[in-house]
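I have placed the structure first, in the form of structure tokens, so that the comments after it can refer back to it.
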Amino acid sequence: MIDAERTAEAASDRAHLTERDLHARVADLTRALAEQSDDVANLRRAMETRGVIERAKGFLMGTLGCSEDEAFAHLVAHSQRTNMKLYVIAGLVVAAPKGRTPRK
């Protein structure tokens, strides 16, 4: 009977380790899913804001007679100077009355 008890005890330990491993694996998968969800949200935000940034660059290129890179540099500089998101600055540029760029 001692052997049967040991066998049952060993089986219980294996089941317990397996359950612990399963919980760890579920936790790992949950973390990975959360990271991927964040990545998807960031990509969606980038897709939504890209158009307004491109329009603002075009507006600045036409208004200031600068290159695409220079227009983007203007947007970035203003974003950093005002501590506002780049897409917000771009939206202000696009929404500004024709021939005027917003000042702040």
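Report, by residue number, each residue of segment 54-99 that is polar (S, T, N, Q) and outside any helix (DSSP H, G or I).
Going through segment 54-99, the residues polar (S, T, N, Q) turn out to be 63, 67, 79-80, 82-83.
Passing the criteria: Ser67, Asn83.
Taking the criterion of being at pLDDT 95 or above and of a type in the set (Lys, Arg), would at least one residue in segment 60-81 satisfy it?
yes
Which residue pairs have Cβ atoms under 8 Å apart, sit 6 or more places apart or on different chains, and have a first residue in segment 25-51 that is on the phi < 0 side of the Ramachandran plot and a second that is in a helix (DSSP H, G or I) and at pLDDT 90 or above?
Close Cβ pairs (under 8 Å, with a partner that is in a helix (DSSP H, G or I) and at pLDDT 90 or above) amount to Thr49/Leu86; Thr49/Tyr87; Thr49/Ala90.
Is it the case, given these coordinates, that Thr30 is farther than 25 Å from His78 by Cα and polar (S, T, N, Q)?
On the way: farther than 25 Å from His78 by Cα: yes; polar (S, T, N, Q): yes.
When the stated conditions are applied, Thr30 passes them.
May I ask you to verify whether Asp38 is over 22 Å from the mean Cα position of the chain (by Cα), of a type in the set (Asp, Glu) and modelled with pLDDT under 95? Give the derivation first.
On the way: over 22 Å from the mean Cα position of the chain (by Cα): no; of a type in the set (Asp, Glu): yes; modelled with pLDDT under 95: yes.
The answer is no for Asp38.
The values are calculated or read from the model by the stated rules, or taken from the named source; none is laboratory data. The model shown is predicted, which means the values in this text are computed figures rather than measured ones. Here Cβ is always computed from backbone atoms with ideal geometry, including for glycine, and neighbour counts include all displayed protein chains.
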